[in-house]
Amino acid sequence: MRCYTDQPVQYRCRMKPDFGAPVVAPAGWSNSQFIRLSGSVQNVSQLQTRWRHIRLDSKITSEDRRMSYMTPPGLSSVEVVEINSKYSEELAQECLEWIRVITNEPINVSGDMDNFYETLKDGVLLCTLVNCLKPGSVSKVNKTSMAFKCMENISSFLNVAANMGVPAQETFQTVDLWERQNLNSVVTCLQSLGRKAQKFGHPSIGPKEADKNVREFSEEQLKAGQSIISLQYGSNKGANQSGINFGNTRHM
C-alpha cells in the first residue's frame, strides 16, 4: 500500500500470485481488489480496516451466510462470523445435560447451534428449569408457539435468573435467543446460573463460587489500628544491608 500526498491511493489485496483466475481457489482469494481514495492518514486507516474485513469475508461458509439472513439489517456477515466464533458446543452441551438432570426432561443434549436453539427458543424449558431450582418462580408458563408468548417466557426466565444472583453482564437479551442473534450469551447465562444452583441444593456446573467474607470492625478497633506503624514506613527487623562490604576499602 502506498500513500501519496496529492495522488490517490491504490490498495491492492492479493493472497496468491495468480491474479487471472476469476474464481476463488482453495488457497484463498485469486482476484485482486482495487479501492481508490484520496491520499490521507484517515483513508489509509479505512483501507486497512476494509482489508481485514475482506480477509474475514473469505472465511465465511455457506452456513454463516445462511445465518446472516436471520440477523437484523445492522449486522453484516462478518459480524455474524465473529459472534458465532465465540460459541462453544462443549459448554452448550454441558448446559443442556445439566438442564436435563434438573428438569428430568428427555431432551437432546447435543451442543450444536441448531439443536441448542430449537430446544430453548420458546422459553418453556427455561421456565421449567428455574421452577425446579426455585419452586413458584414463574407462575405462568406459556406453552405456545406465538412469538410474543415465547418472548414472555424468556423474559420471565431472565427476571428469575437475575433474582437468583446472575450478574447483569452474564445475562442476555430476549432477542439474543428468540431471533438467534447471540447464542453464546445464552450459554454464558446458563453457566452462571449453574454455578448458583449449589446454593439452592441442586447439582451445579462449573467451578464452585466463593462466598463473601465481610469483616466488620468497631470504632475502637479502627482507632487502635491507626497507632500501628505500617511496614511501608520501614522496619529494622528481618534482612537488612548490615555487614555488606562490597565497594568498601579493604583494611589491612
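The values are calculated or read from the model by the stated rules, or taken from the named source; none is laboratory data. Given the structure is predicted, the values throughout are model-derived calculations rather than measurements. Cβ: placed from backbone, ideal geometry, glycine included. Neighbour counts: every protein chain shown.
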**OP:** Have a look at Q232, Q241 and point out the one that is at pLDDT below 70, over 21 Å from E90 (Cβ atoms) and either assigned to a loop (DSSP other than H, G, I, E, B) or touching a Ser or Thr at 6+ places or on another chain (Cβ under 9 Å) (or both).
**Re:** Q241
Original post:
Is there a residue being touching a Cys at 6+ places or on another chain (Cβ under 8 Å) and either free of Cβ contacts under 8 Å to residues at least 40 places away in the same chain or assigned to a loop (DSSP other than H, G, I, E, B) (or both) anywhere in region 145-153?
Top reply: yes
Original post:
Does at least one position in region 182-196 carry a residue that is crowded, with 19+ Cβ neighbours inside 10 Å and in a loop (DSSP other than H, G, I, E, B)?
Top reply: yes
**OP:** Determine, yes or no, whether N153 is closer than 29 Å to S85 by Cβ and over 23 Å from the mean Cα position of the chain (by Cα).
**Re:** yes
**OP:** Name the residue, out of V175, V141, V166, that is in a loop (DSSP other than H, G, I, E, B), over 21 Å from I107 (Cβ atoms) and among the β-branched types (V, I, T).
**Re:** V166
Original post:
Quick one: in region 94-112, which of the residues that are surrounded by 18 or more Cβ atoms within 10 Å (Cβ to Cβ) and not β-branched (V, I, T) is farthest from the chain's Cα centre (by Cα)?
Top reply: W98
**OP:** Exactly one condition in (1) over 21 Å from E90 (Cα atoms); (2) part of a helix (DSSP H, G or I) is not met by F116; state its number.
**Re:** (1)
**OP:** Taking only region 134-160 into account, find how many residues are under 22 Å from A197 (Cβ atoms) and at pLDDT below 90.
**Re:** 7
